[in-house]
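First the structure, in the form of structure tokens, and then the observations on it.
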Amino acid sequence: MDTSYLSDLQKRFGLSGTVDFTERHGMPVVEVNNAQGSGVLALQGAQLLTWAPKDQAAVVWLSPQAKFACGKSARGGVPICWPWFGPHAEEAAFPAHGFARTAAWEVIEVATLEGGANRLGFRLLRNDADDLLWPHCTPLEVRYTFGAALEIELGTRSRSPNPLVLGEALHTYFGVGDVREVRVLGLDGVEYIDKVDGGRRKRQAGPVTVGGEVDRVYLGTGSTCLIEDLSLNRRIRIEKSGSRATVVWNPWEDKAAKLGDFEAGGHLKMLCVESANAADDAVVLGPGAEHRLWVRYSVEPLA
């Protein structure tokens, strides 16, 4: 760990006791603690690891068995999938979900907003290997606003002379008391691709519930989703813009065990509800165009 790197970031951007650049598990992170909430964000991948409003259980979940290593995305948090979602459409050897989630990012902003929330901004740093995977000039930035709610904005600009097809997702792992006692509202009647059932297209009827492996891409929806959690007596509200797909994922017991970074029963404590542009809803980014994917996560009691 290069301690001088963290010391420099602390001098340039740190707000002692509120926004602090430090290390966890040998990896550089930034810790945010303000009057409204707290969170931890890894500088690798600009990956949010955890977030919780003040005096509440974590809303963004991180596996207790998450592995931290250079070039690897930690299990949980909010990995940034970009510039494609899932496997690459043409090159099977390319990394799943793109390269942004394991790349180096630079800090470009730390601010305290009116009301006491903190905004942190990051810009993707490209290298020669990334340029071989994605030979297009598309600067990428992400901004997180930590408060009683969490906001994330992912912005892509195109300097390419040709239209580009862009896939992306904020692959958010939400913490739940018991996923078997959860239902997701906001997707009733929406067509989806069922990856567990060979990619067949189906239509959702009623709330989404989880009693086994779930891997679905809901298409053509910009709707707000609600995670109703009976065990924790809370509702997580997922608002979004610039996203036309919603991905719902839980690996269930067997697949979680094979992944190697879930604790026993860990799959019951999380549910991914991802705001995305994927499959039919990938973004066509014209020359000089800009696209912004924005989400807001908030929590309210069920009763």
Condition first: of a type outside the set (Gly, Ala, Ser), within 26 Å of ALA96 (Cα to Cα) and either in a strand (DSSP E or B) or modelled with pLDDT under 95 (or both). Can you find one or more residues in segment 173-180 that meet it? yes
Within segment 31-50, work out how many residues are over 16 Å from THR102 (Cα atoms) and touching a Phe, Trp or Tyr at 6+ places or on another chain (Cβ under 7 Å). 4
Filter result (open to solvent by 50 Å² or more (accessible area, probe 1.4 Å) and touching a helix residue (DSSP H, G or I) at 6+ places or on another chain (Cβ under 7 Å)) within segment 188-245: GLY211, GLU213, LEU230, SER231, ARG244
Selection over segment 37-68 where residues are outside any strand (DSSP E or B), touching a strand residue (DSSP E or B) at 6+ places or on another chain (Cβ under 8 Å) and more than 26 Å from ARG216 (Cα to Cα) yields a count of 5
Taking segment 110-142, which residues are open to solvent by less than 60 Å² (accessible area, probe 1.4 Å), in contact (Cβ under 8 Å) with a residue 60 or more places away in the chain and either on the phi < 0 side of the Ramachandran plot or aliphatic (A, V, I, L, M) (or both)? VAL110, ALA117, ASN118, LEU120, PHE122, LEU124, THR138, VAL142
Counting just the residues of segment 96-108 that are free of Cβ contacts under 8 Å to residues at least 40 places away in the same chain and open to solvent by 30 Å² or more (accessible area, probe 1.4 Å), which one comes out nearest to the chain's Cα centre (by Cα)? ALA96
Taking the residues in segment 266-303 that are in a helix (DSSP H, G or I) and not aliphatic (A, V, I, L, M) as candidates, determine which candidate is surrounded by the fewest Cβ atoms within 10 Å (Cβ to Cβ). ASP280
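The values are calculated or read from the model by the stated rules, or taken from the named source; none is laboratory data. As the structure is a prediction and not an experimental result, all values here were calculated from the model. Don't worry about glycine lacking a Cβ; one is built from the backbone with ideal geometry, like all the others, and counts go over all protein chains shown. Heavy atoms of the whole protein, side chains included, go into the accessibility calculation; ligands, DNA and RNA do not. Shrake-Rupley method; radii C 1.70, N 1.55, O 1.52, S 1.80 Å.
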